[in-house]
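The values are calculated or read from the model by the stated rules, or taken from the named source; none is laboratory data. The structure displayed is predicted, hence computed values, not measured ones. Because the Cβ atoms are built from the backbone with ideal geometry, glycine has one as well, and the counts that use them run over all protein chains shown. Side chains included, ligands, DNA and RNA excluded: accessible areas come from the protein's heavy atoms. Shrake-Rupley method; radii C 1.70, N 1.55, O 1.52, S 1.80 Å.
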Amino acid sequence: EYNVAGIEIENSSDADVHDNVVRYNTGGILVFDLPDLFVPSGKNTRIYNNHIYANNTDNFASKAGTVAFVPAGSGILLLAAKNTEVFGNKIENHNLNSITMASYHVMGLKTRTSLFVT
């Protein structure tokens with residue numbers, strides 16, 4: 001509660017996010033595949049059986065980090081996340097979107113590799 005990222009999965013493979021209550025953050029559950037990290041590519045995340053609601057807190061992150069791009073009112077944000085499954089969740093009361101999918105290209109960020117949401 002009251003964080004920028006409620007739950008963040010970053011460059012991880014085969015992660016399961018389930019049976020959580022995620023509320024009052026800027027973004028509820030974030031799945032990122034960031035370039036140029038030690039683990040080069042994450043994939044196969046499953047997000048299920050969570051209650052994700054009222055993640056409308058203003059973003060207070062440092063402008064230097066990726067989470068600075070998270071818009072307030074995001075239930076689930078998938079950024080260049082490969083093979084992500086979202087099912088069986090209760091997602092409600094977000095001021096922007098329940099589920100948002102984006103690529104680095106859409107955000108105008110430069111990367112050494114081409115990463116797209118699949």
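Key figures for this structure:
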item	result
Segment 2-15, residues that are open to solvent by 40 Å² or more (accessible area, probe 1.4 Å), out of contact with any strand residue (DSSP E or B) (no Cβ under 6 Å at 6 or more places or on another chain) and at pLDDT 90 or above	Y2, N3, D14
Filter result (closer than 24 Å to N95 by Cβ and touching a Lys or Arg at 6+ places or on another chain (Cβ under 6 Å)) within segment 40-66	H51, Y53, A54
